[in-house]
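First the structure, in the form of structure tokens, and then the observations on it.
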Amino acid sequence: MQSNFADALINIAVTGAVVRLDFGVAIPVRSADGKQEIRINPTQQVVMPMDGFIRAFGALENAVKKLVADGVIKVEQTSPPPAPSDVITTSGI
């Protein structure tokens with residue numbers, strides 16, 4: 001199995017039943033005025049069917065819930081959770 005490193009998820013694009021996830025790495029650069037900045041340089045793309053993306057989302061959500069329950073990370077609620085009608089659903093998965 002190949003391993004790839006990414007600092008950030010840059011973009012998610014949905015085209016029909018295909019989801020494209022663009023990842024990148026943080027690169028330090030100097031701005032025109034000499035200040036150090038961090039830019040995310042795109043490095044790789046994962047393309048997957050919608051049903052695979054939904055399953056991956058569920059697995060990631062469960063992992064985050066476990067990290068919160070174990071006290072590894074803390075969640076700050078800045079806005080109310082989405083109403084049930086705002087939740088994205090798909091059929092046939």
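Computed from the coordinates by the stated procedures, all read-outs in this text should not be read as laboratory data. Not measured: the values here are computed from a predicted model. Glycine also receives a Cβ, built like all others from the backbone with ideal geometry; neighbour counts cover every protein chain displayed.
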How would you order 42-52, 57-67 from highest to lowest mean count of nearby Cβ atoms within 10 Å? 42-52, 57-67
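Between Leu60 and Gln45, 0.36 nm times their residue separation minus their Cα-Cα distance comes to what? Mind showing how you got there, number by number?
On the way: separation 15, 0.36 × 15 = 5.40 nm, distance 1.78 nm.
Taking Leu60 through Gln45 to full extension adds about 3.6 nm, to one decimal.
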Residues of region 39-74 with amide nitrogen under 17 Å from the 7 Å Cα-to-Cβ point of Ala17? 47-56
Residue by residue through region 55-65, what is 3J(HN,Hα) from phi via Karplus (6.51 cos²θ - 1.76 cosθ + 1.60, θ = phi - 60°)? Round to whole Hz and write x for glycine and proline. 5, 5, 4, x, 5, 5, 4, 5, 5, 5, 4
If you plug each phi of region 16-31 into the Karplus form 6.51 cos²θ - 1.76 cosθ + 1.60 with θ = phi - 60°, what whole-Hz ³J(HN,Hα) values come out, in order, with x for Gly and Pro? x, 9, 10, 10, 10, 10, 9, 10, x, 10, 7, 10, x, 9, 9, 6
Under-5 Å amide H pairs with Asp7, H placed in peptide plane, nonlocal only: Gly24, Val25, Ala26
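Extension gain Leu67-Met1, at 0.36 nm per residue separation less the Cα-Cα distance, in nm?
Fully extending the segment from Leu67 to Met1 adds 21.2 nm.
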